[in-house]
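Notes follow the structure.
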C-alpha cells in the first residue's frame, strides 16, 4: 500500500493583502522605504516646493550630521545596548577641539585628534561601566549626558568659541557633491563601510549574536564584553566626528552643538527597523529611518504645521515603530515555532 505524501503543516499562511502587509511589517528596510516614499509623495502633492533643490539639499545636510551618529548607534543597538549621551559627546568634542585650536594654539590636525579622543574616551568609559560594573546603559549614558552638558559650559564659559583657523572655515564651506560638503562624503563612506561590516564579516555576525542572545554567544566563544565596549567606542567616536563637522560648518563651536541629538538618533534608528531589544536591524535601515523623520519634520514645516505638532508627530512615529518591532518579533517567533 502506497504511503500518502503528507507535507507537515506549518500553520495558516497569510495570503493576499495580509501577506503584503506582513512583508512590509517584517521586512525591515522594505517597510521604512515604502513609508518614506509615501510620505514624500504626500508632502509633494500638498506643496510642490517640498522637493525643491533647496529643501532637498537642506534635508540631506541635516541627515549627514545626525546620520553619522545613527551609524554608530545602530551598531550599538544591534549589540544590545544604546547611548543617550551622543549629543553631549558631540558638543563636548566640538568645543574641546575648538579650544585646542584657539586658546592652546595647537595645529588643526592635533586639535581634531583631541576632539576625537574625547568621543572615544567617553565611549570607552560608557562601555566599561556598563559591561564591567553592570550599570544599565540607560543610567550610565544619561549620566554622561548631564556630565557632558556641564563640561561644555565649563570649557566655554557659556560663550561660543571663535574665531577658528581659516582652514577649518574653508573645510566647512567646501562644496563637493550637489552643494553638500565633506560631512556628506564622510557620511556616505561610513555608511557603506559599516553596512558591509555588519552584513558581510565575522565581526558583524558576532555583533548580531551578542545582541540577539548574549549567553548563547558566550557559549560559542564570542567575547561579548569586548564587542559591546567596541560598539560604545564606535558611537562615541562618530558622535565626536559629527560634532566637529558642525563646528566646521558654522566656523564656530557653540554650546548648542549636539543638543537634542540623542533622542533624534534613537527615534530615527528605531523607525528604521533597528530593534531596541538588540540583535536586529541594519545600518541602511537606521539611516533611512533618520531620513524619514527629517522628511516628516521638513514636510510639516513646508505645509505650515505648528512646531509643537512636529514634535508630537515624531513621538507618535517612534511609538508606532517600537510597536511594529514587537509585532515583527512575535510574528517571526510564531513562524519558527509553528
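Read-outs: derived from the displayed coordinates by stated rules, not from any lab. Note that the structure is a prediction, hence the values are computed from the model and not measured.
Full extension from residue 307 to residue 193: what is 0.36 nm times the residue separation minus their Cα-Cα distance, to one decimal in nm?
Working: separation 114, 0.36 × 114 = 41.04 nm, distance 3.57 nm.
Taking 0.36 nm per residue and subtracting the Cα distance, the gain is 37.5 nm.
When only C-alpha pairs under 8 Å and at least 6 residues apart count, what is the relative contact order of the range 230-318, in percent? Present the calculation step by step, with values, prior to reporting the outcome.
Values: 63 pairs, mean separation 18.1, N = 89.
Normalised by residue count, the contact order of the range 230-318 is 20 percent.
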| note | So the angle from the long Cα axis of helix 29-46 to the longest Cα principal axis of the chain, reported in degrees to the nearest 10, equals 60 degrees
| request: Please work out how much length the chain gains when fully extended from residue 216 to residue 177, using 0.36 nm per residue of separation minus the C-alpha to C-alpha distance, in nm with one decimal. | output: 9.5 nm
| request: Grab the Cα-Cα distance for residue 170 and residue 54, subtract it from 0.36 nm times how many residues apart they are, and report the gain in nm with one decimal. | output: 39.6 nm
| Can you give the angle from 0 to 90° between the axis of helix 108-132 and the longest principal axis of the chain, with both taken from C-alpha atoms, to the nearest 10? | 40 degrees
| task | Would you mind telling me which residue in 85, 169, 183 has the biggest mean-square fluctuation in a Gaussian network model of the chain, where springs connect alpha carbons within a distance under 10 angstrom? | result | 169
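If I take every Cα pair under 8 Å that is 6 or more residues apart in the range 53-258, average their sequence separation and divide by the length, what percent do I get for the relative contact order?
Relative contact order comes out at 43 percent.
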| note | Per GNM of the chain with C-alpha springs under 10 angstrom, the most fluctuating residue out of 174, 239, 230 is 174
| query | Based only on the alpha carbon positions, what is the Kirkwood hydrodynamic radius of the chain, in angstrom? | reply | 21.2 Å
| query | For the Cα atoms of the chain, what angle does the longest principal axis make with the long axis of helix 53-78, in degrees from 0 to 90, nearest 10? | reply | 70 degrees
| task | With runs of 4+ DSSP H residues as the only contributors, calculate the mean residue ellipticity of the chain at 222 nm using -39,500 (n - 2.57) per run, divided by the residue total and rounded to the nearest 500. | result | -25000 deg cm²/dmol
| field | Among 225, 206, 308: highest mean-square fluctuation, GNM of the chain, C-alpha pairs under 10 Å | value | 308
